[in-house]
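No value in this document is a laboratory result; all are computed from the given coordinates. None of the values given here were measured: they were computed from a predicted structure. Virtual Cβ from ideal backbone geometry, glycine too; neighbours counted across all protein chains shown.
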Amino acid sequence: MAPRYPSFPPIMGGRIKLRLPRFDDAPQLISIINDRDVVANLAHVPYPYDDYAAREFIQNTYEKIKNKLAFHLFIENRATRELIGGIGWDMGDGEIGYWIAKQHWGQGYATEAMQLAIGYCRTKNLCVGLRSIIAEDHAASRRVVEKCGFELTGHEIQKFPARGRLQRVAVYELQFNKGTEQCAG
C-alpha cells in the first residue's frame with residue numbers, strides 16, 4: 001500500500017520549490033544530514049541521523065502540517081528535481097530554520113527558500129513574525145536572515161547534539177508589521 005501524503009501545494013520560486021517531504025526522500029535526507037558540516041549547525045536534529053529518524057521526521061511533518069502546528073518543507077531544485085535542503089517553521093513560537101546540502105552552499109538557495117517561507121507566512125497570515133536561532137559562529141546563516149530583514153534581538157545558549165556541547169546562539173526576529181516584504185538579493 002502506497003503511503004498517503006497530505007494535500008499541500010508546493011510553494012514555487014524561481015529556481016526552487018518548497019514541497020512536502022516524501023518517504024522516498026529518506027535516503028537523500030540521511031545522506032545530507034549526516035554530513036558533519038551540515039548537522040553541526042542544527043540544534044534540533046539527532047546525530048547520527050538514521051532511517052528511523054528520517055521516517056519519523058517525515059511522519060511527524062505530516063501530522064504537524066495537518067494540525068497547522070508547524071510547516072517542514074523540502075527545498076527542491078526545480079530544474080533537476082534534486083533535494084537540496086529543507087526549511088521549517090513552528091506555528092507556536094514562530095521559530096524558523098533551514099539546512100542546505102553542503103554542495104549547494106553559497107548559491108543563494110537559503111535566501112530564496114527563506115523569502116518563499118516569509119511570503120507564505122505573510123500571505124496566509126500564519127503568524128505575526130518569525131524567529132531564527134543561529135549558532136553564533138555560523139556567519140553565512142546570520143547573513144541570510146539579516147538580508148531577509150531579521151533583526152538581532154539577543155543571545156542564548158542551546159545544545160547542539162552534533163557538536164556535543166552547549167553553543168552560544170544569536171536570536172533574530174522579523175516582525176511582519178515592520179519588516180521587508182522580501183529578502184534582499
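Amide H to amide H distances under 5 Å link F176 with G129, L130, where only residues 5 or more positions off or on other chains count and H is placed in the peptide plane.
Each part reduced to its alpha carbon centroid, segment 60-82 and segment 135-179 end up 22 Å apart. Computed about its Cα centre, the charge dipole of the chain is approximately 340 debye, with only Lys, Arg, Asp and Glu carrying charge at their Cβ. If I build a Gaussian network model for the chain, linking alpha-carbon pairs within less than 10 angstrom, which residue out of N125, N41, N60 has the largest mean-square fluctuation? Highest fluctuation among the options: N125. Taking trypsin sites (Lys or Arg not before Pro) across segment 80-179, the ones in a DSSP loop with at most 13 further Cβ atoms lying within 10 angstrom of their Cβ are R81, K124, K178. Ranked by how many other Cβ atoms sit within 10 Å of their own Cβ, fewest first, the residues H104, H138, H155 fall in the order H155, H138, H104. In the structure shown, the pairs K17/K159; K66/K147; K102/K124; K102/K147; K17/K124 are assessed against 27 Å; a Cα-Cα span above that value is assigned to K17/K159; K66/K147; K102/K124. A straight chain from N67 to K159 at 0.36 nm per residue would run longer than the Cα-Cα distance by 30.4 nm. Here the extension length gained between H44 and Q59 equals 3.8 nm, from 0.36 nm per residue of separation less the Cα-Cα distance.
Let me make sure I get this right: for the chain, a, b and c are the square roots of the gyration tensor eigenvalues over alpha carbons, sorted descending. Under 1.5 in a/c it's rounded, otherwise prolate if a/b > b/c, else oblate. Which is it? Before the final figure, lay out the partial values.
Numbers: a/c = 1.42, a/b = 1.13, b/c = 1.26.
Rounded, since a/c falls under 1.5.
Given only helices, namely DSSP H runs of n ≥ 4 each adding -39500 (n - 2.57), what is the per-residue ellipticity at 222 nm of the chain, to the nearest 500 deg cm²/dmol?
On the way: 5 runs with 52 residues, N = 185.
Estimated from H runs of four or more residues: -8500 deg cm²/dmol.
Given R₀ = 22 Å, FRET efficiency for K124-D93 by Cβ-Cβ distance, to 0.05? So the FRET efficiency works out to roughly 0.80.
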